[in-house]
Amino acid sequence: MNKFSTLRTACAILTLLYSLSCFGQHTINGKVIDAQTKQPLAFVNIIFNHDQLTATSSDVNGRFSYSSSKRITSLTCSYVGYERFTMTIDSTMDGETITIKMKETSVELGEVVVTAGENPANRIIRKVIENKRTNNPENVSSFQYHSYNKVIYDLDYNDSIETDITKADVDQVFKGGHLFIMESVTERKFIRPDISEEIILGTKVSGFKDASFAPLATDVQPFSFYNDIIPILDVDYLNPISNGSLSKYEFYIRDTLFQGADTTFILSYQPQPGKNFDGLTGLLYINTNQYAIQNVIARPAEPGFIDVNLQQQYHLVDNQWFPEQLKFELILKQSQSMTVGVRASGISIIDSVQLNIELRKRDFGIESIRMDDKANRQDSMFWTSNRPLPLSDQEKTTYQVMDSLGQEFKFDKIMKVMEKVAQNKVQVGFMDLDLSRLLAYNKFEGVRLGLGVHTNDELIKNFSVGGYFGYGLKDHQWKYGGDAILTLNKEKELQLTARHQNELLETGNSKLDFFRPRQFDFRKYLASQMDRIQQNSLILGFRALKYAQFNISLNNTRIDPQYSYTFQPVEISFIHQYTTTDLTLNLRYAFKEKLIKSFGQRFSMGTKYPVFSLSYTRGIQDWLNGDFDYNKVEARIEQSIYFRNLGESKIRIEAGYIDSPLPYGLLFTGDGSYIRNFSVLIKNSFQTVEPYEFLSDQYVSLHYSHNFGSLLLQIGNWKPSITLHQNIGWGSLSHPEYHQGIEFSTREKGLYETGLQLDNLIRFKYLSLSYIGFGAGAFYRYGPYASGSASDDLAFTFSVTYTTK
């Protein structure tokens with residue numbers, strides 16, 4: 001037989017085998033949706049040919065695919081809360097994609113009665129809890145994966161509410177497309193227990209060319225469903241598979257699915273009647289292979305203004321259950337005050353998973369989520385290769401319409417304005433106006449009007465020069481200052497600054513909040529005792545050791561007290577005005593703080609570890625006319641700790657020490673915030689102590705609070721949040737006789753106060769988006785510095801809160 005005949009024979013055999021395989025393989029593809037809303041239904045049980053051993057389930061998008069060597073003649077769909085659906089499959093459907101519409105059952109799920117022995121669902125949950133440490137993907141020593149993410153925004157209509165805007169009007173504007181689309185492709189790497197970095201390789205947002213806000217959109221739902229607490233929006237929910245959940249939740253078996261050698265139990269869960277906690281409700285799909293979560297559907301048991309639905313699908317990777325698809329849906333419901341609602345649907349599809357690989361900690365960046373420099377400039381080939389499914393016609397239309405509108409209405413320019421506003425700036429050409437300088441208030445200056453301006457990168461990249469001025473309507477004094485800032489390395493926050501200011505500074509001013517100044521700090525409004533300063537400074541700021549921020553400054557300051565006071569040490573004549581020359585170090589260390597870079601700046605998402613702050617000043621005498629030689633140090637450590645079923649505790653410990661006698665303005669004046677007749681609750685301060693009541697050159701203070709939330713008291717829709725406070729302080733002052741003309745006390749015997757805070761006593765709906773709550777608190781001073789009069793030792797406070805639930 002010649003070579004040609006051999007080749008022809010081989011081709012014939014291959015063709016025959018291929019034909020046989022095609023003849024013997026039957027495939028059915030489909031999508032399951034809600035018959036009324038047309039939304040996809042995730043994790044629907046689908047049984048073929050009435051045989052429970054031949055089954056599959058839909059994914060988070062409602063899609064499914066099933067192949068069999070036997071001819072498929074029927075399929076049956078079952079889903080909790082929906083009518084069972086059965087249809088006949090004929091030969092013309094083989095290989096075709098079908099759409100299955102399921103109807104919600106008109107009968108509510110009845111209570112499952114367990115008559116003998118333990119509820120079998122509880123036994124299953126107990127095994128899930130026993131195995132959750134093994135099944136939790138974040139307990140793997142390390143992993144890396146690739147993810148495609150998409151969020152679609154649409155307007156949501158309620159036919160029962162009359163509006164001036166109809167769906168037809170919107171469709172005419174958007175030509176049948178969605179309201180908005182965001183896509184991103186990310187790569188994440190992780191080292192146990194919590195070292196994580198996610199890099200956005202590409203991002204695409206309808207209507208925008210430069211989407212600097214993309215990092216904030218990748219962090220909507222938790223990566224896995226194994227942690228005891230599931231954070232959703234601004235609420236921490238107790239996981240139904242957390243330790244002790246069997247005393248909080250009730251579970252029932254709703255269905256069973258057989259897949260090969262494994263069985264999947266479908267369990268419903270919801271908070272037990274009468275249990276007061278933030279709980280979830282939904283379905284758990286538990287696979288008997290390691291008793292792991294295969295699928296989960298979750299939503300808050302008590303809805304807020306925004307409906308939230310989470311769906312997660314897991315699969316086995318090297319015998320480890322790992323997330324495969326994550327989906328969320330946020331619905332801002334239509335109401336009388338909102339003519340239309342908004343629906344956001346997001347999905348993440350995870351692939352290229354690598355487990356237990358070698359990763360080095362030093363290769364992780366500062367930010368937990370960051371954008372690659374090319375993320376906004378990826379071409380069509382990048383997106384074609386990274387999208388699991390091509391864009392639908394509706395999605396293509398969305399990009400076409402929104403990109404056209406974005407170009408016409410300059411969306412990118414608007415976003416640049418918003419980016420500046422997030423930094424308290426408004427750009428005018430090559431200049432940035434400083435919004436924080438426009439209007440301010442304190443008790444000394446009254447209303448303060450002003451203006452601040454700096455050059456931006458459009459003039460000289462990485463270099464800025466500017467200044468400000470301000471005028472107090474009560475003190476009738478001008479204040480002003482200027483600086484020049486050279487940015488040497490943005491990644492390491494390395495900046496060199498030269499600054500001059502003629503300004504007011506509150507006495508006893510602490511530098512422990514140097515790196516986290518509070519924009520709306522009510523304590524600043526209470527400032528009534530000021531020093532006038534003329535200061536020249538040279539400042540170096542940078543980030544090092546990944547989690548540490550440093551600021552080192554050389555300062556020469558002329559100080560003029562704006563109150564009746566003289567400093568009169570024994571060995572010298574009295575002093576009113578004085579000069580200091582000092583070298584100051586400010587440090588903040590937040591171990592494993594989660595940082596996200598968005599809108600041109602870094603945002604902190606917090607850390608579960610203690611945060612340490614330090615301020616050290618070395619005063620230098622006889623250099624640049626410095627009058628005092630001294631060492632001054634302040635330190636603080638603070639942490640928030642969440643206790644399951646009990647709420648959240650916050651603790652802050654501060655201490656300060658000065659080794660030499662100094663004028664009043666350089667000492668510690670305490671952290672009192674009491675105003676007679678009216679006080680706003682100011683956290684981490686003494687509510688019964690007036691701002692300048694105590695003076696010290698060494699002190700220690702403890703501020704502790706525990707917020708029970710609404711766990712202790714809930715009557716219908718009235719659920720005030722209860723917080724207990726305990727504040728303790730000690731301080732001493734060497735040579736109090738040196739300070740003349742001003743009243744003060746010391747607290748060597750210890751200062752004590754305790755308080756009860758009730759938030760959300762009254763709540764009002766705000767634009768159908770949230771609740772604004774008003775509360776009150778009472779604090780009582782006791783111990784050596786109590787006056788003995790209840791009216792003098794008792795302080796009442798007022799609080800305002802903002803919640804979505």
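The values are calculated or read from the model by the stated rules, or taken from the named source; none is laboratory data. Owing to the predicted nature of the structure, the values given are computational and were not obtained by experimental measurement. Note that each Cβ is placed from the backbone with ideal geometry, even for glycine, and that neighbours are counted across all protein chains shown. These accessible areas exclude ligands, DNA and RNA; they are computed on the full protein's heavy atoms, side chains included. Shrake-Rupley method; radii C 1.70, N 1.55, O 1.52, S 1.80 Å.
By the scheme Lys and Arg +1, Asp and Glu -1, what is the net charge of all other residues having a beta-carbon under 11 Å from that of TYR547?
Summing Lys/Arg as +1 and Asp/Glu as -1 gives +4.
Once Cα Rg over 2.2 N^0.38 Å is worked out from the coordinates, which option in (1) 1.70; (2) 1.16; (3) 1.36 does it equal?
The value matching this structure is (2).
So what J values fall out for the stretch 84-100 if you push phi through Karplus, 6.51 cos²θ - 1.76 cosθ + 1.60 with θ = phi - 60°, rounded to Hz, Gly and Pro as x?
Once θ is set to phi - 60°, the couplings for the stretch 84-100 become 4, 10, 10, 9, 8, 10, 9, 5, 6, 8, 4, x, 8, 9, 10, 10, 10 Hz.
Could you work out how much longer the chain between ALA484 and ASP94 gets when fully extended? Use 0.36 nm per residue separation minus the Cα distance between them, nm to one decimal.
Once the chain is fully extended between ALA484 and ASP94, it gains 133.1 nm.
Note down the net charge around LEU257, summing +1 for each Lys or Arg and -1 for each Asp or Glu among other residues with Cβ under 15 Å from its Cβ. All intermediate terms of the calculation are to be shown ahead of the outcome.
Details: positive: ARG84, ARG254; negative: ASP51, ASP59, ASP255, ASP262.
Net of charged neighbours comes to -2.
Can you list the aspartates and glutamates whose alpha carbon sits under 12 Å from that of LYS204, skipping same-chain ones fewer than 8 residues off?
The reachable aspartates and glutamates, counting only those whose Cα sits under 12 Å from LYS204, are GLU183, ASP379, ASP403.
Please report the relative contact order for the chain, taking Cα pairs under 8 Å with a sequence separation of at least 6, and give it as a percent rounded to a whole number.
Relative contact order of the chain: 8 percent.
Which GluC sites (Glu not before Pro) in the stretch 419-485 pass both tests, a DSSP loop state and at most 13 other beta-carbon atoms within 10 Å?
On the way: sites: GLU419, GLU445, GLU458; in loops: GLU445, GLU458.
In loop regions of the stretch 419-485 (DSSP not H, G, I, E or B), the sparsely surrounded GluC sites (Glu not before Pro) are GLU458.
Once the dipole of the chain is set up with Lys and Arg at +1 and Asp and Glu at -1 on Cβ about the Cα centre, which of ASN489, VAL465, PHE223 lies farthest towards its positive end?
PHE223
Based on the Cβ-Cβ distance of ARG644 and LEU473, what FRET efficiency does E = 1/(1 + (r/R0)^6) give at R0 = 56 Å, to the nearest 0.05?
Working from the Cβ atoms, E equals 0.65.
Using DSSP to define loop residues, name the chymotrypsin sites (Phe, Trp or Tyr not before Pro) in the stretch 472-551 whose beta-carbon has at most 10 other beta-carbon atoms within 10 Å.
For chymotrypsin sites (Phe, Trp or Tyr not before Pro) across the stretch 472-551 that sit outside H, G, I, E and B with at most 10 neighbouring Cβ atoms in 10 Å, the list reads PHE520.
Would you mind getting me the FRET efficiency between ASP372 and LEU767? Use the beta-carbon distance for r and R0 = 30 Å, nearest 0.05.
Plugging the Cβ-Cβ distance into 1/(1 + (r/R0)^6) gives 0.20.
If contacts are Cα pairs under 8 angstrom and at least 6 residues apart, what is the relative contact order of the stretch 694-805 in percent? Write down the numbers at each step before the final one.
Working: 241 pairs, mean separation 24.9, N = 112.
Averaging sequence separation for qualifying contacts and normalising by length gives 22 percent for the stretch 694-805.
Give the angle, between 0 and 90 degrees and rounded to the nearest 10, that separates the Cα long axis of helix 411-421 from the longest principal axis of the Cα atoms of the chain.
The angle comes out at about 40 degrees.
Is there a quick way to get the dipole size of the chain? I mean about its Cα centre, with the Cβ of Lys and Arg at +1 and of Asp and Glu at -1; what is the value in debye to the nearest 20?
With Lys and Arg at +1 and Asp and Glu at -1, about 1280 debye.
Heads up, I need the accessible area for THR797: 1.4 angstrom probe, whole protein in place, Å², nearest 10.
The value for THR797 is about 10 Å².
Compute the acute angle (0 to 90°) between the alpha-carbon long axis of helix 3-24 and the principal axis of greatest extent of the alpha-carbon atoms of the chain; round to the nearest 10°.
In the chain, helix 3-24 runs at an angle near 80 degrees to the longest axis.
First select every other residue whose beta carbon is under 14 angstrom from the beta carbon of SER74; then total the charges, Lys and Arg +1, Asp and Glu -1. Don't skip to the end; give the middle numbers.
On the way: positive: LYS70, ARG71, ARG84; negative: ASP51, ASP90, ASP94.
Net local charge, SER74 excluded: 0.
Extension gain SER142-ASP236, at 0.36 nm per residue separation less the Cα-Cα distance, in nm?
31.2 nm
Using the per-residue mean of other Cβ atoms lying within 10 Å as a proxy for protection, in what order, highest first, do the peptides 146-157, 228-239, 641-652 fall?
146-157, 228-239, 641-652
Rounded to the nearest 10 degrees, what's the angle between the helix 120-135 long axis and the longest principal axis of the chain, both from Cα atoms, 0 to 90?
60
For the stretch 515-591, what is the accessible area per residue in Å², given a 1.4 Å probe and the full set of protein chains?
Numbers: 3650 Å² over 77 residues.
Heavy-atom accessible area per residue stands at 47 Å².
How would you order 599-610, 270-281, 377-388 from highest to lowest mean count of nearby Cβ atoms within 10 Å?
270-281, 599-610, 377-388
Could you give the length gained on full extension between ASN677 and GLN726, defined as 0.36 nm per residue of separation minus the Cα-Cα distance, in nm?
Contour length minus Cα-Cα distance gives 15.5 nm.
Please list, in order along the stretch 747-760, the HN-Hα scalar couplings obtained from phi with the Karplus expression 6.51 cos²θ - 1.76 cosθ + 1.60 (θ = phi - 60°), rounded to whole Hz, x for Gly and Pro.
Per residue, the Karplus-derived 3J(HN,Hα) values read 10, 5, 8, x, 10, 9, 8, 10, x, 10, 10, 10, 8, 6 Hz.
Only loop residues by DSSP count here, and only those with at most 16 other Cβ atoms within 10 Å; note down the trypsin sites (Lys or Arg not before Pro) in the stretch 420-461 that meet that.
Those satisfying the criteria are LYS443, LYS461.
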